[in-house]
Every structure is written in C-alpha cells, then in structure tokens.
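Taken together, the values in this text are just the output of simple stated rules run on the coordinates, not laboratory data. From a predicted model like this one, the values you see are computed outputs, not experimental measurements. Glycine also receives a Cβ, built like all others from the backbone with ideal geometry; neighbour counts cover every protein chain displayed.
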Amino acid sequence: MLLNQKYEIFPSSEQIEILETWLSYCRLTYNSALLDKQRKYRQSKESYSRFDIQKQLKQDKQEWEFLKEIPSQALQEVFRRLDHAFTKFFRKEANYPKLKKHKDYNSMTFPQFGFKPNTHHRYAASFTENGKLQLSKLGQIPIHLHRPMEGTIKQLLIKRQGSRWYAIFSVEGQAYPAPINRDLAVGIDVGINKYAVLSDGKSYENPTFIRKTEKKRKRAQAKLSKMKRGSANYAKQVSKVHLFYEKVANQRRDFLHKLSYHLAKDYSIIAVEDLEIRHMVKNKRLSKSISDAGWGMFRNMLSYKCERNGSILLKVDPAFTSQDCSTCGTRVKKSLSIRTHICKGCGTILDRDHNASLHILRKGMEQLDQMVVID
Ligand SMILES: [Zn+2]
C-alpha cells in the first residue's frame, strides 16, 4: 500500500514563477488532450488512446518550444491523470472529465524518484546530498523534513496550496488497517531511570530480578579481573561470568516480550522516538545506556507485535522531546541530571520523562495526520 507523506518546500520567487509556468503547461496539455479525445470520438466514435495522445504530444513539442521546458516525465503524467479521470467516469465513480481552470490544476507528478542504481543517471526528481529537493530544469529547493521518511519513495507530487508549496511523497510502507482508535494512543519515552514512561502516566521500572542478576554479573566480573589468567579457577570464573551475561540477556528479552505484548494489545497507536536519529541527536553516554537496555530489541518487538495486532507504531524525530514543553512548546533547557520539567511559559510541572512521552505522543499524532492512505 502507498502512503502519502507531505513536507513543505520553500522555492525562491524565481522557482515559484517556473513552477507556476509548469502547472499552466500541464493544465493546457490536459485540456487540449481532453478536447482531442472528444473531437476524435465525435468524428469516428473511436476512442483516443494514450498512444495517440503521446504521438500528439511529440508533434506539439516540435511545434511549441515551451513544452520542452518542463520535465517530460511530469508532462506525460498529465495523460495518466486524464486516463484515470475517464476510468473513474466509466466506473461511474466520477462525472465526465471537465476542462480544468487555473484553480483546479495545482499539482504535478514526478513518477520516478532518486537515483537509478549502478548508473549516474539522475531522475527528474531526487534529493541532493545536502538534503534539498532537486528537480531537473529547476534546481534545488529547500525542504523541511520535519520527520524521517520510511520506505521506498514511489513518486513525488509537487502541490500548490494557497501561497505555500508542498512535496508529497508516495511511499511504499506498512499497511494500516482502518479504523484506528485515536483515543487509544500513547507516547513512550525509553529512559535510564525507568525503563519506559508512558504519556498516560504509567511507567515501567527495570525489573529488580534483572538488576539483581546484573549485580551478580558485575561481582563475578570484578572477581575475575583479580584472578590469574590461565589458571583452572580463572577458566571456571570466565564461564560463570558468561552464564550471568546470558541470564541477564534472557531475563531482559523476556521482560521486553511481555512489555511489548501488553503495549501492542492495549494501545492502537504507539509513538516512540526514532532509534537511528536518536543515536545521532542525543549524547553518546545516553545512547550507550539505552542500547544496553535493549532499546533496539524493544522497538523491533513493538514493531512486529503492533503489526500483528493491527496497531500503528509511529517513529518520531527525537529532537528536543525532553526539552520542549509538551503543553505549550516552550523550550526548557535541562541537563540530564534535572529530573523535573518546569515550564516558565505555561506553568506546567511534570516528571521529565513524562513530559517527553507526552511530547512524543503529540509528534506522533501530527505525523499520523499527514499520512493519508491512497488507493
Ligand atoms: Zn509550557
């Protein structure tokens, strides 16, 4: 299933002028193809195929130089739209296609995106290395990638909405069964002090039995470091340390299985921080302790258990989740040692991790609002 993901783009005034020109060329092409189709049908009762249209376009391009200014992929997509409009009409899903006015024609499609593997051929649309959107014959446009994109980009739609411009990517992704119960949404912050803090106030400690085994493991490890290498006792101690390692790992896996099972069962929407980005954003020591606590394993378990239960797992950009106020958005800088969030903007006082989980939930819901299922 394809999902739409929408991001605002910021073309310069020259680029806007070009985009507007492209849109009007697309609209003219659409309207003239529609008229050609109607004319041919009136004259010969024959349908005017896409093949005929493409042939006509080739002629048009020779006659009208300006049609060469627009990426040809985007122009060809115009015919697919017209075809689609007729298909919908014949299926009685829509009225007979009409000529489009300026206000009705506000988007164009780039059906391919990115690099062709193993060649250096560039598609009409791609990302640059510095994270901008690259359109052939137009150049680079800054884009606000406010959340990570997941899956394979199938096509790009450039859309004008009022005075703003958007890039809408169709991405092949996880299929979300509808309907989704928005009341059963939760944000989860995975931390150090507590294993997980939920936006509804619940929290899960690292279980004491894991901490006990961990303590034993450390003690065994310390004892080992004082022993003479190569001795019989040394080998015995090594296997003891290994056993404790394994025991901790098993206990943790077991705990995470249970926790992820309950979360996926109890909630229909779960928002967590995106692990890859989190590693980049947050400091190394924090990342280390989080990966020690099996964050990656936990997220994987959540991911497939959510899929199995028909719940949605949303991965959000972790930037400032623990800093910003979940109520009003004010940035409240705090070091790791500060455990309470006190907002001077709105007076909100919350446990640091609870504030973060509420913020993660909000980001997740914003993300959900922008994911539109298309057929
Ligand atoms: Zn606030």
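What the table below lists for this structure:
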read-out: Extension reserve of the Glu172-Lys103 stretch, reckoned as 0.36 nm per residue once the Cα distance is removed; value: 21.9 nm
read-out: Among Thr128, Pro111, Thr29 - extreme Cα towards positive end, dipole of the chain, charges at beta-carbon; value: Thr128
read-out: Theoretical gain in end-to-end length, Leu224 to Trp64 [0.36 nm per residue, Cα-Cα removed]; value: 49.3 nm
read-out: Segments 26-34, 46-54 sorted - mean Cβ within 10 Å per residue, highest first; value: 26-34, 46-54
read-out: Highest-first arrangement of 79-85, 197-203, where packing means the average Cβ count within 10 Å; value: 197-203, 79-85
read-out: Choice from Trp64, Trp165, Trp22 showing the highest fluctuation, given a GNM over the chain with Cα pairs closer than 10 Å; value: Trp64
read-out: Contact order normalised by residue count of the chain, Cα under 8 Å, 6+ apart, percent; value: 19
read-out: Farthest toward positive dipole pole in the chain [+1 Lys/Arg, -1 Asp/Glu at C-beta], among Trp64, Pro11, Ile349; value: Ile349
read-out: Helix 13-44 vs. the chain, principal-axis angle (Cα, 0 to 90°, nearest 10); value: 50
read-out: Estimated FRET transfer efficiency when R0 is 22 angstrom, pair Ser32-Glu93 (beta carbons, to 0.05); value: 0.35
read-out: Cysteines not pairable in the chain (beta carbon separation under 4.7 Å absent); value: Cys26, Cys306
read-out: Nitroxide proxy distance, nm - points 7 Å out along Cα→Cβ at Ser44 and Arg308; value: 6.0
read-out: Highest to lowest packing among 304-317, 214-227, scored as the average C-beta count within 10 Å; value: 304-317, 214-227
read-out: 0 to 90° range, to nearest 10: angle between helix 352-369 axis and the chain longest Cα axis; value: 20
read-out: Value of [θ]222 nm, deg cm²/dmol, for the chain, DSSP H segments ≥ 4, -39500 (n - 2.57) each, nearest 500; value: -15500 deg cm²/dmol
read-out: Selection from Leu361, Ser231, Leu82 lying farthest towards where the dipole of the chain points positive, charges on Cβ; value: Ser231
